[in-house]
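The values are calculated or read from the model by the stated rules, or taken from the named source; none is laboratory data. Just so it is clear, the model here is predicted, and its values are computed rather than measured. Ideal geometry is used to build each Cβ from the backbone, glycine not excepted, and the neighbour counts take in all protein chains shown. For accessibility, only protein heavy atoms count, side chains too; no ligands or nucleic acids. Shrake-Rupley method; radii C 1.70, N 1.55, O 1.52, S 1.80 Å.
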Amino acid sequence: MQANGAGQDQDSDLPCRNGAQNGAASSPGTAHSNGLVSALPASNTSTTADGKKKKRMSQCEEDVIRLIGQHLHDLGLNQTVDLLMQESGCRLEHPSATKFRNHVMEGEWDKAESDLNELKALMHSPSNTHIVMINCLCCFWVSFPCFSIQRMKFLLLQQKYLEYLEDGNVLEALQVLRAELTPLKFNTERIHILSGYLMCSHAEDLRAKAEWEGKGTTSRTKLLDKLQTYLPPSVMLPPRRLQTLLQQAVELQRERCLYHNTKVDSGLDSVSLLLDHTCSRKQFPCYTQQILTEHCNEVWFCKFSNDGTKLATGSKDTTVIVWHVDVETQQLKLLKTLEGHAYGVSYLAWSPDDAYLIACGPDDCSELWLWNVQTGELRTKMSQSHEDSLTSVAWNPDGKRFVTGGQRGQFYQCDLDGNLLDSWEGVRVQCLWCLSDGRTVLASDTHQRIRGYNFEDLTDRNIVQEDHPIMSFTVSRNGRLALLNVATQGVHLWDLQDRVLVRKYQGVTQGFYTIHSCFGGHNEDFIASGSEDHKVYIWHRRSELPIAELTGHTRTVNCVSWNPVLPGLLASASDDGTVRIWGPAPFLDVQDVEGLNGMNMKTRDAPIAIFLADFDF
């Protein structure tokens, strides 16, 4: 180890100098870059000018100091940054990067272009080549330094060209376009677009067409952010790196939280960094909020409307009840009772705009009812044949058509008046779903599979193949995932795009009864299903084990539905003749409110009942 200033120049291209500010220098054997430390041995102490020994900082500690320094610099605390760098012996970035940054922000384009030669040498340095070995494809700027410099030069000249145009210096802008940008032979399509900006009549027109903020700090800062992506982090830190890491940490904690079910601001201002993100089970829809007892027989189906303001329930008692959901209190009140069905109601489907509701019956039902929800009037009663079995239905996304079918080999596409538009013969349908493309219909059949049927070109293809009967299925909002209730197997999650089984969820009792499960919660991160053991099971989509088992029903739970707008509201329908509405605990402890996720909340905004902490809900 050399002291008293000797050997400082050997590490002049490194971002940290470990005591060099105090007269001590780093050992050549401690060269590092982005976490890569050489294998040469080095002492873990350095000597200051007054002879005192100072512990050498680790690579991680040096990185943290640089991140803190960058954040303080962004806050405008430059004197504090200087003091931090001086005392730690580190520097924020390479001097060449600092010079380049200043030239860009000052609009000195010729000097900035000249700086690229120095930066190119740094991109070729061995320590930065090692970074690529660590980060592989993530750091393509080291593998292709010439391309990177060319790209950076193009970005600089593009900014220079636009600023000339905004200032009205058309001849200078034209010279940049012809003599500097075009000879690069880089991104000729973009150059053609840039040439079109010569026709802009005024600065506002230019900024609008170029989607550019105009000459000044904002556009130059964005330019620097783009330029930095081509430079090694040992030379220039990525912009706002500390905020990025903190944001990633917060998001990771939310993703790992089994009960996180709220939509929160993605910014760091909405959370406290002093607490870990935690969500209590008491904030999750695990508690009976309401029991609906208006049906007088088994309740076979329930479904929230797309806007979350209504719930429809169908029963063996041949009625459909439409309930109003009070968004504020999350309490349900009876809105309408739709009567006249000759059979029990085993399936319901809301139209995309929630104006209509279709009701289907059990296997021996050959009729389908289409109701106007607002008026309570029956618009269409459809029956193609008394031999039909219309047990399932799905709306086309346009809201003007629907498909229906059953296990006797009928598969129809109809309009709102029940007129037959198309049919597919020989398909024994168990369950149906229309994809968002408006052409493809998914149908599970008696061959233990789900196939896709295209009514436009009359083609079909196999998508899912199970080993046991598929009793029902539903599809996620983005159309990527399908949730299947499989006889004797339980609940299976399939990826429809890759056509692979993703996960088998444990706990539920599923025999040969038709049970309907659902996606739900914030971002559809959760899955719920009824069960023949009288329970409602809830899983986090990534976990095979249930995170909640809801008890209260006394017979098989046939169907569950998660409110698509209110993520804390869940409904379940059972053979015991009731519909249960599940929500968070009616009162939260102080700890529960404070631990919602480290969010900035005032405990006075939620009711507090400390005594509830002693009870296990």
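Note down all Cβ pairs under 9 Å where the first residue falls in the stretch 310-333 and is without any contact (Cβ under 8 Å) to a residue 12 or more places away in the chain, the second is in a loop (DSSP other than H, G, I, E, B) and among the hydroxyl-bearing types (Ser, Thr, Tyr), and they're at least six residues apart or on different chains.
Final answer for the pair search is Asp326/Thr309.
Among the residues of the stretch 341-362, write down those that are assigned to a loop (DSSP other than H, G, I, E, B) and of a type outside the set (Ser, Thr, Tyr).
His341, Ala342, Gly344, Val345, Pro352, Asp353, Asp354, Ala355, Gly361, Pro362, listed by residue number.
Go through the stretch 259-275 and report how many residues are buried (at least 17 other Cβ atoms within 10 Å of the Cβ) and in contact with a His (Cβ under 8 Å, 6 or more places away or on another chain).
3
Any idea which of (1) basic (Lys, Arg); (2) in contact with a strand residue (DSSP E or B) (Cβ under 8 Å, 6 or more places away or on another chain); (3) at pLDDT below 95 is the one Lys263 doesn't satisfy?
Here Lys263 meets the rest and fails (2).
Looking for something more than 17 Å from Ala573 (Cα to Cα) and buried (at least 22 other Cβ atoms within 10 Å of the Cβ) - is there at least one such residue anywhere in the stretch 509-521?
Yes, the stretch 509-521 contains a residue that is more than 17 Å from Ala573 (Cα to Cα) and buried (at least 22 other Cβ atoms within 10 Å of the Cβ).
Kindly evaluate Val427 against the criterion of being in a loop (DSSP other than H, G, I, E, B) and among the β-branched types (Val, Ile, Thr).
Yes: the conditions hold for Val427.
Exactly one condition in (1) outside any loop (DSSP other than H, G, I, E, B); (2) surrounded by 18 or more Cβ atoms within 10 Å (Cβ to Cβ) is false for Leu245; which is it?
In the conditions (1) outside any loop (DSSP other than H, G, I, E, B); (2) surrounded by 18 or more Cβ atoms within 10 Å (Cβ to Cβ), Leu245 misses (2) alone.
Return the residue satisfying two criteria in turn: it lies in the stretch 482-502 and is over 19 Å from Gln430 (Cβ atoms) and touching a Lys or Arg at 6+ places or on another chain (Cβ under 8 Å), and of such residues it is surrounded by the most Cβ atoms within 10 Å (Cβ to Cβ).
Here the answer is Asp495.
With modelled with pLDDT of 95 or more and within 28 Å of the chain's Cα centre (by Cα) as the only criterion, which of Leu501, Leu435 stands out?
The conditions single out Leu501.
Show the residue pairs that are 6+ apart or on different chains and have beta-carbon atoms under 6 Å apart, the first residue being within the stretch 419-430 and touching a residue at least 12 places away in the same chain (Cβ under 8 Å) and not assigned by the TED database to the domain that holds Val441, the second being polar (S, T, N, Q) and open to solvent by less than 80 Å² (accessible area, probe 1.4 Å).
Correct list of pairs: empty, since none qualify.
Which residues, counting only those in the stretch 61-88, are in a loop (DSSP other than H, G, I, E, B) and open to solvent by 80 Å² or more (accessible area, probe 1.4 Å)?
The answer is Leu75, and nothing else.
Does Thr293 fit the bill of being open to solvent by 30 Å² or more (accessible area, probe 1.4 Å) and out of contact with any Ser or Thr (no Cβ under 7 Å at 6 or more places or on another chain)?
no
Quick check on Ala112: is it over 18 Å from Ser219 (Cα atoms), assigned by the TED database to the domain that holds Tyr230 and buried (at least 18 other Cβ atoms within 10 Å of the Cβ)? Can you show your working first?
Values: over 18 Å from Ser219 (Cα atoms): no; assigned by the TED database to the domain that holds Tyr230: yes; buried (at least 18 other Cβ atoms within 10 Å of the Cβ): yes.
For Ala112, the condition - over 18 Å from Ser219 (Cα atoms), assigned by the TED database to the domain that holds Tyr230 and buried (at least 18 other Cβ atoms within 10 Å of the Cβ) - is not met.
For (1) open to solvent by less than 30 Å² (accessible area, probe 1.4 Å); (2) of a type in the set (Val, Ile, Thr), each residue gets a yes or a no:
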| residue | (1), (2) |
| --- | --- |
| Lys400 | no, no |
| Gly405 | yes, no |
| Asp415 | no, no |
| Asn419 | no, no |
| Asp422 | no, no |
| Val441 | yes, yes |
| Asp445 | yes, no |
| Arg449 | no, no |
| Asp460 | no, no |
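Select from the stretch 528-549 the residues that are open to solvent by less than 40 Å² (accessible area, probe 1.4 Å) and farther than 14 Å from Tyr259 by Cβ and list them in ascending order.
Residues satisfying the conditions are Ser529, Gly530, Ser531, Val536, Tyr537.
Quick one: would you say Thr278 is in a loop (DSSP other than H, G, I, E, B), surrounded by 17 or more Cβ atoms within 10 Å (Cβ to Cβ) and not charged (D, E, K, R)?
Considered against the rule, which asks whether it is in a loop (DSSP other than H, G, I, E, B), surrounded by 17 or more Cβ atoms within 10 Å (Cβ to Cβ) and not charged (D, E, K, R), Thr278 comes out as yes.
Just one of the numbered conditions (1) part of a loop (DSSP other than H, G, I, E, B); (2) open to solvent by less than 10 Å² (accessible area, probe 1.4 Å); (3) touching a strand residue (DSSP E or B) at 6+ places or on another chain (Cβ under 8 Å) is not true of Cys365; which one?
Single failed check for Cys365: (3).
Among residues belonging to the stretch 179-197 that are exposed (fewer than 12 other Cβ atoms within 10 Å of the Cβ) and within 19 Å of Asp110 (Cα to Cα), point out the one that is nearest to the chain's Cα centre (by Cα).
Only one residue tops the list, namely Pro183.
Within the stretch 379-393, how many residues turn out to be open to solvent by 10 Å² or more (accessible area, probe 1.4 Å) and either hydrophobic (A, V, I, L, M, F, W, C) or assigned to a loop (DSSP other than H, G, I, E, B) (or both)?
The number of residues fulfilling the criteria is 6.
Cβ-Cβ under 7 Å, sequence separation 6+ or interchain: first residue in the stretch 377-406 and modelled with pLDDT of 90 or more, partner surrounded by fewer than 17 Cβ atoms within 10 Å (Cβ to Cβ) and assigned to a strand (DSSP E or B). Which pairs?
Arg379/Asn372; Lys400/Asp415; Arg401/Asp415; Arg401/Leu421
How many residues, within the stretch 447-469, are modelled with pLDDT of 90 or more and part of a loop (DSSP other than H, G, I, E, B)?
Residues that pass the stated criteria total 6.
Sort out which residues of the stretch 296-330 are open to solvent by 70 Å² or more (accessible area, probe 1.4 Å), under 36 Å from the mean Cα position of the chain (by Cα) and of a type outside the set (Ser, Thr, Tyr), and write them in order of number.
Within the stretch 296-330, Lys303, Asn306, His324, Val327, Glu328 qualify.
Residues are listed down the side, and each one gets a yes or a no for (1) small (Gly, Ala, Ser); (2) touching a Gly at 6+ places or on another chain (Cβ under 8 Å):
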site	(1), (2)
Ala342	yes, yes
Ser366	yes, no
Ser383	yes, no
His386	no, no
Arg408	no, no
Gln413	no, no
Asp422	no, no
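Which one of Gly438, Gly490, Gly479 is within 28 Å of Asn563 (Cβ to Cβ), out of contact with any Gly (no Cβ under 8 Å at 6 or more places or on another chain) and assigned by the TED database to the domain that holds Arg503?
When all the criteria are applied, what remains is Gly479.
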